[in-house]
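All remarks here apply to the structure that follows.
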Amino acid sequence: MRAPTPFRVDNCSIERTLAILGEKWTLLVLREAFNGVRRFADMQAGTRAPRQVLSARLAKLVDEGLLRKVPYREPGSRRRHEYRLTQKGLDLYPIMVSLMHWGDHYMADPEGAPVVLTHRECGSPIELHLRCRQGHEVASPREVTPKPGPGARLAAGGAA
């Protein structure tokens, strides 16, 4: 059994990320955005989220800088907004693909994955891999050692 970390977790990156992403509707909105959906009505159709829920999730993603609002106007209509991924939002793509691959492995119907992501250039299916900076593939969490980073803070009574 491993001893508890001598460092505080009040600045945990996972916890902070979950404060933004940690619920179903937010991830479904991001799924739609990565699939090129930009308009509210189309996002609502794709997510099946209640209008108020979708509106709140979009506002939060804009506030957090993952989406940006871009105005548009259809002829004869009032001005509306599209929602487009920012670089901060685009950087979530590996997380979304990881969630999808996990779901394909453990949650898919017997027929298989409902969607297969392929490389546009060659058509080959996308795979995700973890590697260290030296290029070694990391196949298991057992091959990883967590170490304090520059933002680590000692816990009360903790010794480094």
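Observations on the structure shown:
- Order of R31, R84, R153 under a 10 Å beta carbon neighbour criterion, fewest first: R153, R84, R31
- Partner lysines whose Cα lies under 29 Å from the Cα of K24, excluding those fewer than 8 positions away in the same chain, are identified as K60, K69, K88.
- Springs between Cα atoms under 10 Å define the GNM used for the chain, and in it the highest mean-square fluctuation of D91, D109, D63 occurs at D109.
- Charge tally for L130 (other residues, Cβ to Cβ under 13 Å; Lys, Arg +1; Asp, Glu -1): 0.
- With a Förster radius of 22 Å applied to the beta-carbon distance between N11 and L99, the computed FRET efficiency rounds to 0.35.
- Dividing the helix sum by the residues of the chain, where each DSSP H run of 4 or more adds -39500 (n - 2.57), gives a mean residue ellipticity at 222 nm of -11000 deg cm²/dmol.
- With Cα atoms, 0 to 90° folded angle of helix 93-106 axis to the chain main axis: 80
- Equivalent ellipsoid dimensions for the stretch 4-156 as semi-axes, Å, which come from the Cα gyration tensor, largest first: 33, 23, 15
- Qualifying GluC sites (Glu not before Pro) for the stretch 107-143 [loop in DSSP, other Cβ within 10 Å: at most 11]: E111, E121, E127
- Virtual spin-label span in nm between A152 and A19, 7 Å along Cα→Cβ: 2.2
- Counted by neighbouring Cβ atoms within 10 Å, the residues E15, E32 run from fewest to most as E15, E32.
Any read-out appearing in this document is the output of simple, stated calculations on the displayed coordinates, not a laboratory observation. All values reported here derive from a predicted model rather than from experimental measurement. Here Cβ is always computed from backbone atoms with ideal geometry, including for glycine, and neighbour counts include all displayed protein chains.
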